[in-house]
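Below you'll find the structure, written out as structure tokens, and then a few comments.
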Amino acid sequence: MFFLFCSGCTLFKTTPDRTRLFDIGFRGTQSAMSSVDSAKICLILGSFPDYLDGSPIITKIGEHELKNNPRYRWAKPLSETILYIVKRSILQSFSKVYVYEFPKDTMDKIDFTLCLDVDGLEICEVTQRIIFKGTWTFLDAKQRNITHAPFEFCESFDDFSDRYGEIVAKVEQVIHHLGDAIVKEMDLIFLKRITGNNP
């Protein structure tokens, strides 16, 4: 009886969890030149590839093949991370601007809408490059197009061998590149409106 009990214990021995979680944070940006009083911006993620919004980090291993890496996971969905970084970039750059995320935030009258459409975030093992691309659109209160711009940001990483920390840092960089580009363009738009040079 004692032997059976002991052998049974080994059957239920827990295996250690070797999952590694990676998070992407926000780094500060410089303030913009212009200042718009109490402008309210609705931030929308228009489209986002389904395969990117899961927990596992997805890498590209061939021309048409993607690999799921269940041991290496995002701590927070990439879609949320992208919205968070862009929102924080805007808020830090324009101190008197309010940013609402649609649909989770309640919104009053909106002055502008910023819509992000992500086509892909490709982590390629073969070329050792990260490519983040899509489009962003800035609309006025009447949903008229102010700016519609494609974006594509690239970063390279060193030898792929289990360097997910470096890869995540590069993914963080390309998302910050987007936030910086949007802030720069919004600054120009706001300056034109303040000075009356808006067509």
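The values are calculated or read from the model by the stated rules, or taken from the named source; none is laboratory data. Because the structure is a prediction, the values reported are computed rather than measured. Here Cβ is always computed from backbone atoms with ideal geometry, including for glycine, and neighbour counts include all displayed protein chains.
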Query raised in the report: Taking interchain pairs and intrachain pairs at least six residues apart, which have beta carbon atoms under 9 angstrom, with the first residue in segment 122-133 and in contact (Cβ under 8 Å) with a residue 12 or more places away in the chain and the second among the polar types (S, T, N, Q) and in a strand (DSSP E or B)?
Result: Glu122/Thr59; Ile123/Thr59; Cys124/Thr59; Glu125/Thr59; Gln128/Ser156; Arg129/Ser156; Ile130/Ser156
Query raised in the report: Among all residue pairs at least 6 apart or on different chains, which show Cβ distances below 6 Å where the first residue, located in segment 165-190, is touching a residue at least 12 places away in the same chain (Cβ under 8 Å) and buried (at least 16 other Cβ atoms within 10 Å of the Cβ) and the second is in a helix (DSSP H, G or I) and of a type in the set (Val, Ile, Thr)?
Result: Ile175/Ile82; Ile175/Ile85; Gly179/Ile85; Gly179/Val86
Query raised in the report: For Tyr84, are the conditions met, namely being surrounded by 15 or more Cβ atoms within 10 Å (Cβ to Cβ) and over 17 Å from Phe132 (Cβ atoms)?
Result: no
Requested in this report: Sort out which residues of segment 102-119 are surrounded by fewer than 17 Cβ atoms within 10 Å (Cβ to Cβ) and either among the aromatic types (Phe, Trp, Tyr) or at pLDDT below 95 (or both), and write them in order of number.
Outcome: Phe102, Pro103, Lys104, Asp105, Thr106, Met107, Asp108, Lys109, Asp111
Query - Check on Glu155, surrounded by 17 or more Cβ atoms within 10 Å (Cβ to Cβ), in contact (Cβ under 8 Å) with a residue 12 or more places away in the chain and closer than 26 Å to Asp50 by Cβ - result: yes
Requested in this report: Kindly check whether there is at least one residue in segment 135-143 that is surrounded by 13 or more Cβ atoms within 10 Å (Cβ to Cβ), without any contact (Cβ under 8 Å) to a residue 24 or more places away in the chain, in contact with an Asp or Glu (Cβ under 8 Å, 6 or more places away or on another chain) and over 13 Å from Cys42 (Cα atoms).
Outcome: yes
